[in-house]
1. Of the conditions (1) within 26 Å of residue 108 (Cα to Cα); (2) modelled with pLDDT of 95 or more, residue 39 satisfies every one except a single condition; which number is it?
2. Of the residues 69, 38, which is surrounded by fewer than 18 Cβ atoms within 10 Å (Cβ to Cβ) and without any contact (Cβ under 8 Å) to a residue 40 or more places away in the chain?
3. Filter the range 224-255 for residues that are part of a helix (DSSP H, G or I) and in contact (Cβ under 8 Å) with a residue 60 or more places away in the chain; which is surrounded by the fewest Cβ atoms within 10 Å (Cβ to Cβ)?
4. Being buried (at least 19 other Cβ atoms within 10 Å of the Cβ), under 27 Å from residue 95 (Cα atoms) and in contact with a helix residue (DSSP H, G or I) (Cβ under 8 Å, 6 or more places away or on another chain), is that true of even one residue in the range 163-177?
5. Restricted to the range 1-25, and to residues that are assigned to a loop (DSSP other than H, G, I, E, B) and in contact with a strand residue (DSSP E or B) (Cβ under 9 Å, 6 or more places away or on another chain), which residue is surrounded by the most Cβ atoms within 10 Å (Cβ to Cβ)?
6. Yes or no: the range 88-98 includes at least one residue that is in contact with a strand residue (DSSP E or B) (Cβ under 6 Å, 6 or more places away or on another chain) and surrounded by 18 or more Cβ atoms within 10 Å (Cβ to Cβ).
7. Restricting to the range 211-223, name every residue that is without any contact (Cβ under 8 Å) to a residue 60 or more places away in the chain and either at positive phi or buried (at least 18 other Cβ atoms within 10 Å of the Cβ) (or both).
C-alpha cells in the first residue's frame with residue numbers, strides 16, 4: 001500500500017474512519033470524503049501526527065452529482081491517479097413498514113446507498129481503466145442477502161449494491177480492474193444512531209448481549225482484500241459477529 005492513493009467515502013466515522021486508519025498504517029495516501037468538515041479535519045490531523053499520512057479532504061455529499069463531479073474533476077494532478085475507491089458512504093433511516101414509510105427516509109437511503117455509489121464509481125472508473133489497474137470496494141451489508149422486518153427499503157438498497165458489484169465484475173472483466181463486495185453483519189458504529197435519528201439509548205440496545213463487530217474488523221478485511229497479488233481478486237465477503245448467523249439468529253445473552 002506504500003504510496004497508493006485510496007479514496008474513501010463516508011470517511012468521517014464508522015467503517016470509513018477505520019479504513020482511513022488502517023490504510024494510513026499501511027503507508028497509503030488518502031482522499032477522504034464526507035459531509036462533516038470538522039471531523040475530516042480532525043481525522044486528517046490525527047493520521048498525519050500518528051503515521052505521517054498525506055491526505056486530501058473533501059467536504060461533499062455523495063447524493064449531489066454536480067458537487068461530486070466538480071470535486072473529482074478538480075483534484076490536483078498529484079491526486080488524480082486513484083488506486084482504490086472504497087464506496088462506504090451509506091445509511092439506514094427508520095424501521096417503518098412500507099405502508100407507513102417516510103418518503104424522506106426512502107429518498108435519502110436510495111440517493112446515498114445506490115446513486116451516490118454510482119456517481120462515485122462512474123466518475124473514477126474511466127481513469128482506472130485507462131491505466132489498466134484499480135480496485136473498487138463496495139460496502140453492502142448482510143441486509144443485501146436477507147430482508148428483515150422494518151428493513152424493506154434499506155435492504156433493497158443493499159441488495160442493489162450487491163447486484164451492482166456483480167454487474168461491475170462482468171462489465172470490467174478484461175480491464176484489469178478488481179471489484180470486491182463487502183457484506184458486514186452487526187457492526188457497532190453510528191449506524192443505529194443515524195437510523196433512529198440520534199436516539200442513543202435505542203441505538204445502544206442493538207449491540208447489547210453479544211460482542212458486535214467493530215469498524216476496524218471490517219477495515220482489516222478490506223485491506224487484506226485490496227492487498228492481494230495482481231492475479232488474485234476476492235469478489236465477495238460476508239462478515240458477521242461469531243454470535244450472529246443472519247438477521248434472525250443472534251445469540252444474545254440476557255443481563
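The values are calculated or read from the model by the stated rules, or taken from the named source; none is laboratory data. Only a predicted model underlies this, so the values are computations on that prediction, with no experimental measurement involved. So basically every Cβ, Gly included, is an ideal-geometry build from the backbone, and we count neighbours across all protein chains shown.
1. With (1) within 26 Å of residue 108 (Cα to Cα); (2) modelled with pLDDT of 95 or more applied to residue 39, the lone miss is (2).
2. Working: 69 fails: without any contact (Cβ under 8 Å) to a residue 40 or more places away in the chain.
Just a single option satisfies the conditions, and that option is 38.
3. This residue is 225.
4. Yes: the range 163-177 contains one or more residues that are buried (at least 19 other Cβ atoms within 10 Å of the Cβ), under 27 Å from residue 95 (Cα atoms) and in contact with a helix residue (DSSP H, G or I) (Cβ under 8 Å, 6 or more places away or on another chain).
5. The first filter runs over the range 1-25 and keeps only residues assigned to a loop (DSSP other than H, G, I, E, B), leaving 1-4, 10-13.
Narrowing the set further to residues that are in contact with a strand residue (DSSP E or B) (Cβ under 9 Å, 6 or more places away or on another chain) leaves 1, 3-4, 10-13.
Values: 1: 18, 3: 9, 4: 18, 10: 24, 11: 30, 12: 25, 13: 19.
Among those that are assigned to a loop (DSSP other than H, G, I, E, B) and in contact with a strand residue (DSSP E or B) (Cβ under 9 Å, 6 or more places away or on another chain), it is 11.
6. Taking the range 88-98 first, the residues in contact with a strand residue (DSSP E or B) (Cβ under 6 Å, 6 or more places away or on another chain) are 88-89.
Now restrict to residues that are surrounded by 18 or more Cβ atoms within 10 Å (Cβ to Cβ): 88-89.
Yes: the range 88-98 contains one or more residues that are in contact with a strand residue (DSSP E or B) (Cβ under 6 Å, 6 or more places away or on another chain) and surrounded by 18 or more Cβ atoms within 10 Å (Cβ to Cβ).
7. If the condition is that a residue be without any contact (Cβ under 8 Å) to a residue 60 or more places away in the chain and either at positive phi or buried (at least 18 other Cβ atoms within 10 Å of the Cβ) (or both), then 212, 213, 221 are the ones that fit.
Rundown of residues vs (1) more than 22 Å from residue 32 (Cβ to Cβ); (2) surrounded by fewer than 17 Cβ atoms within 10 Å (Cβ to Cβ); (3) modelled with pLDDT under 95, yes/no style:
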{"position": "109", "(1), (2), (3)": "yes, no, no"}
{"position": "117", "(1), (2), (3)": "no, no, no"}
{"position": "134", "(1), (2), (3)": "no, no, no"}
{"position": "138", "(1), (2), (3)": "no, no, no"}
{"position": "196", "(1), (2), (3)": "yes, no, yes"}
